[in-house]
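See structure below.
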Amino acid sequence: MKMRAIYYIFGIVFTLNLIILKFINGIEQLDCERVKYNREEVKSKSKVVNKIIDYVLENETGVTYNELAKLIDKFGPRFSGTNELEASIDYIVQQLAEKGFDVHTEDVEVKHWIRGNETAEIIFPRRQKINILGLGFSIGTNGNTLSSEVLVLRKLEEFEQRSNEILGKIVVFNYATRPSLSEVTNKVSEHGAKAVLVKSIAGFSLYIPHTGVLFYDSRVQKIPAACITMEDAELIDSMSQRGKLIIAISTTSRMDPMPKISRIIIVNHKGNQNPNEMVIISGHIDSWDVGQGAMDNGGGSFVTLRGLKILKKLGIKMKRILRVVLFIAEEIGLVGAKNYAERHKDEKKNIYVAMESDFDTFRPLGLVVTSKQPKTKCIMKEALKLFESINATEYTEKRLGSTDVDVFIPYNISIIELRNANEIYFYYHHSSADTMAIEDLRSLTSVLL
């Protein structure tokens, strides 16, 4: 966890001190030798970087990990609309206020989906239980048993090619390439399917299903939708090729008819030169209702907060406002981030850059930069050279997926994210395996490095 804190603080310091709005336009291919920016100013920040690294290595061993573990132990998963999420927000705000931070919350209305009980089983030609995890916002079967013959599809093109076979079936999608869960559900519903079971997005499995959010198309009939394990998807595929296969499903998932009020956490750390300008660093404090939300996104949120605390403790002066935003309802469609962007749209001209860590906090490798501004890219490429001591100098513009800060992209605000050794991220993503055990393993690895 030490390395993670070091690296995230790096991003805070450099985006605050180095990002400049006199951008250069019209350069199609990035050539930093032709881009004008103050290279010497970037290089001069080595003293600040080394000061932070030295402090963290000497004083921060296990601090972030223990703070996160305390949250997980006290509140567990923090799904949108639950009392656990609201209690965890109260806890974080209280901790920050007691340490003298300028912290407040902003209300956001969120939908609340309740998972309930869910079971599935192959009932013909033999009996075999199936491990399922309903998609968020999926309707249930009202506790009744829904049974039907299975149709296995393996690619999106087959939805049209075999559309005459879908009516009345439970469709199992054993894909070869990662699908859109909503697209799959809406396509099979359009052709009259009774339900859909989708192989979990994982890449590796120990019989664990992974969930995700579902948005029904208003033009189609809502049907139950769930993810199944990679193992069950392959089994069902194999059995279906040998003859008729029937599956029975029973779920009690439902939407709470009354929306809930949740809250975004905002912490402002004032700048001393440009008090109206800001850099946003963020995470999301909500999680899915399975697992503990340690990886997604407790780790990213707590590294962000710890970085802020260390900067204050070391007395490092900021040119601009450093605003930490912990969003909510990210898992059900970036609801908190969208609300924030709309509520604070008049501030968009003052935002220099927005940062987030939402792919856990594995060993840092570098930065992912999304920007239309060559100067921003070149500054970050130069700044990365200062992190050779922890082997975190990689620069890339290839993103792993969407995050809360996507809401700032339409405003041409540069986005910076951590690039880390997250090859196994989707092994645990949105599953019951997202626990502190992942953070423990990664922390030990980072300490050794």
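The values are calculated or read from the model by the stated rules, or taken from the named source; none is laboratory data. Just so we're clear, the structure is a prediction, and the values are computed from it rather than from any experiment. Don't worry about glycine lacking a Cβ; one is built from the backbone with ideal geometry, like all the others, and counts go over all protein chains shown.
Quick look at the values:
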{"item": "Unique residue being among the hydrophobic types (A, V, I, L, M, F, W, C) and at pLDDT 95 or above when the list is 325, 303, 353", "result": "325"}
{"item": "From the options 352, 340, residue that is assigned by TED's automatic domain parsing to the domain that holds residue 56 and under 28 Å from residue 429 (Cβ atoms)", "result": "340"}
{"item": "Residues (buried (at least 23 other Cβ atoms within 10 Å of the Cβ) and either among the hydroxyl-bearing types (Ser, Thr, Tyr) or in a strand (DSSP E or B) (or both)) located in the stretch 356-368", "result": "356, 357, 361, 364, 367"}
{"item": "Residue selected from the stretch 189-219 under the condition of a type in the set (Gly, Ala, Ser), assigned to a loop (DSSP other than H, G, I, E, B) and in contact with a strand residue (DSSP E or B) (Cβ under 8 Å, 6 or more places away or on another chain), by the criterion farthest from residue 134 (Cα to Cα)", "result": "193"}
{"item": "Residues satisfying the stated conditions in the stretch 162-188, i.e. under 28 Å from the mean Cα position of the chain (by Cα) and assigned to a helix (DSSP H, G or I)", "result": "181, 182, 183, 184, 185, 186, 187, 188"}
{"item": "Residue list for the stretch 138-161, restricted to those being assigned to a loop (DSSP other than H, G, I, E, B), surrounded by 14 or more Cβ atoms within 10 Å (Cβ to Cβ) and either modelled with pLDDT under 95 or not assigned by TED's automatic domain parsing to the domain that holds residue 178 (or both)", "result": "154, 156"}
{"item": "Extreme residue, modelled with the highest pLDDT, among residues of the stretch 54-83 that are out of contact with any Ser or Thr (no Cβ under 7 Å at 6 or more places or on another chain) and of a type in the set (A, V, I, L, M)", "result": "72"}
{"item": "Residues (within 29 Å of residue 210 (Cβ to Cβ), over 29 Å from the mean Cα position of the chain (by Cα) and not β-branched (Val, Ile, Thr)) located in the stretch 244-279", "result": "244, 245, 248, 250"}
{"item": "In the stretch 252-307, the residues that are touching a strand residue (DSSP E or B) at 6+ places or on another chain (Cβ under 9 Å) and in a helix (DSSP H, G or I)", "result": "296, 297, 298, 299, 300, 301, 302, 303, 304, 305, 307"}
{"item": "Count of the stretch 47-69 residues which are of a type in the set (D, E, K, R), over 21 Å from the mean Cα position of the chain (by Cα) and either surrounded by 13 or more Cβ atoms within 10 Å (Cβ to Cβ) or in a loop (DSSP other than H, G, I, E, B) (or both)", "result": "2"}
{"item": "Per-region count, the stretch 167-198, residues of a type outside the set (Val, Ile, Thr) and in contact with a Ser or Thr (Cβ under 8 Å, 6 or more places away or on another chain)", "result": "5"}
{"item": "Residues (of a type in the set (A, V, I, L, M, F, W, C) and either within 15 Å of residue 361 (Cβ to Cβ) or touching a helix residue (DSSP H, G or I) at 6+ places or on another chain (Cβ under 6 Å) (or both)) located in the stretch 388-415", "result": "390, 392, 400, 407, 415"}
